[in-house]
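The values are calculated or read from the model by the stated rules, or taken from the named source; none is laboratory data. Predicted model, so just to flag it, every value in this text is computed and none were measured. For neighbour counting, all protein chains shown are included, and Cβ atoms are generated from backbone atoms with ideal geometry for every residue, glycine included. Note: areas computed on protein heavy atoms with side chains; ligands, DNA, RNA excluded. Shrake-Rupley method; radii C 1.70, N 1.55, O 1.52, S 1.80 Å.
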Amino acid sequence: MMHQFILSLVFVLMATSGTTKAELTDSCLACMCYAESEGCHMPDPPCTNDGWSDVCGPWSITYAYWLDGGYQGGDFYSCTSDWQCSESTVRAYMGRYVTDPTAHCEAYART
């Protein structure tokens with residue numbers, strides 16, 4: 001009986017997998033932030049140059065990343081100096097590029 005239930009559940013999940021999209025969870029976002037800013041905090045100053053470009057905010061966002069994230073907040077430096085705008089940028093970027101409906105946190109982090 002339980003075996004049939006599990007098989008039915010798997011079938012339903014497989015049948016609906018094309019209609020759902022993976023979600024970037026808060027815990028995954030926090031983990032990514034922790035890795036990018038050595039503890040998930042707003043850097044002071046908010047931007048540093050890594051030798052190639054400015055990286056800003058708790059997720060080390062570059063100008064190109066911000067553009068791909070949909071120009072959140074209207075201005076790169078203002079947005080990446082603001083916690084909520086930085087988070088919105090990461091969520092929009094991931095929503096654009098992570099298309100696998102079964103993606104887990106590792107897929108988001110690698111993106």
query: Considering region 39-66 alone, what residues qualify as being open to solvent by 50 Å² or more (accessible area, probe 1.4 Å) and touching a Pro at 6+ places or on another chain (Cβ under 7 Å)?
result: H41, M42
query: Which one is modelled with the highest pLDDT among residues in region 89-100 that are open to solvent by 50 Å² or more (accessible area, probe 1.4 Å) and not charged (D, E, K, R)?
result: Y97
query: Does any residue of region 67-79 turn out to be touching a Phe, Trp or Tyr at 6+ places or on another chain (Cβ under 8 Å), within 18 Å of D26 (Cα to Cα) and crowded, with 16+ Cβ neighbours inside 10 Å?
result: yes
- line: The number of residues in region 42-72 that are at pLDDT 90 or above and in a loop (DSSP other than H, G, I, E, B) is 17
- request: Note down all Cβ pairs under 6 Å where the first residue falls in region 70-82 and is of a type in the set (G, A, S), the second is part of a loop (DSSP other than H, G, I, E, B), and they're at least six residues apart or on different chains.
  value: S81/P46
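Restricting to region 73-86, name every residue that is in contact with a Cys (Cβ under 8 Å, 6 or more places away or on another chain) and assigned to a helix (DSSP H, G or I). Working first, answer last.
Start the filter on region 73-86 by keeping residues that are in contact with a Cys (Cβ under 8 Å, 6 or more places away or on another chain), which leaves 73, 76-81, 85-86.
Selection gives F76, Y77, S78, C79, T80, C85, S86.
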query: With respect to L13, is the statement that it is under 23 Å from A107 (Cβ atoms), at pLDDT below 80 and open to solvent by 90 Å² or more (accessible area, probe 1.4 Å) true?
result: yes
